[in-house]
Amino acid sequence: MKIIETKNENATRELGRKLGEMVKKGTVLTLNGDLGVGKTVFTQGFAKGLGIEEPVNSPTFTIVQVYEEGRMPFYHFDVYRIGDIEEMEEIGYEDYFYGDGVCLIEWAELIREILPKQCVSITIEKDLEQGFDYRRITIEGEEYENISIG
Ligand code: ADP
Ligand code: MG
């Protein structure tokens, strides 16, 4: 486990970018944390680290957004609005989870029952006592715990 504290949006984006540069094919990352904590900010940095230049936002009306322009396919899930796990079956989630790209799943805790055994877990939390822009980011996944930001 690695804990990184950020004090602004750019630091969280930078951490995402570093992870995007390091990440290996076939990795599934789970990203959890309350609304407005910075999951999408982190994901935008992550996409940048993969070499994706087009803008990345939360996929609002689709569960998954596919980006092909980086060094490997990037499957960005946001399952916040999912009603039933059936919806994951309908989009054929296994092709993404067990494919040759990288998956990052915002709100992954909502689909816990279908997550692969080997995931890299990222949790972002606020602590208002530390200030409004403070975030505590916990990374669990041995290969990525040597990460740091400048
Ligand atoms: P989520 O996807 O988790 O709902 P967003 O990434 O869309 O959240 O929004 C995070 C918000 O928090 C942005 O408005 C961002 O500017 C703000 N913010 C403030 N401090 C931080 C920080 N340290 N890291 C990330 N975002 C931060
Ligand atoms: Mg979001």
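The values are calculated or read from the model by the stated rules, or taken from the named source; none is laboratory data. Fair warning: this is a prediction, and the values are worked out from it, not measured in the lab. A quick note on method: Cβ atoms are made from the backbone with ideal geometry, for glycine too, and the neighbour counts reach across all protein chains shown.
The figures follow:
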read-out	value
Residue list for the stretch 3-55, restricted to those being without any contact (Cβ under 8 Å) to a residue 40 or more places away in the chain and of a type in the set (S, T, N, Q)	Asn10, Gln44
In the stretch 94-150, the residues that are within 17 Å of Gly49 (Cβ to Cβ), part of a loop (DSSP other than H, G, I, E, B) and either within 14 Å of ligand 1 (Cβ to nearest atom) or among the charged types (D, E, K, R) (or both)	Glu145, Ile149
Residue list for the stretch 33-55, filter: more than 11 Å from ligand 1 (Cβ to nearest atom), within 13 Å of the chain's Cα centre (by Cα) and in a loop (DSSP other than H, G, I, E, B)	Leu50
Sole exception among (1) buried (at least 18 other Cβ atoms within 10 Å of the Cβ); (2) of a type outside the set (D, E, K, R); (3) within 14 Å of ligand 2 (Cβ to nearest atom) for Pro55, by number	(1)
Every residue from the stretch 12-38 that is among the hydroxyl-bearing types (Ser, Thr, Tyr) and within 16 Å of ligand 2 (Cβ to nearest atom)	Thr12, Thr30
Positions within the stretch 56-71 being under 15 Å from the mean Cα position of the chain (by Cα) and either not in a loop (DSSP other than H, G, I, E, B) or not β-branched (Val, Ile, Thr) (or both), in sequence order	Asn57, Ser58, Pro59, Val64, Gln65, Val66, Tyr67
Odd one out for Glu89, checked against (1) farther than 24 Å from Ile147 by Cα; (2) within 16 Å of ligand 2 (Cβ to nearest atom); (3) modelled with pLDDT of 95 or more	(2)
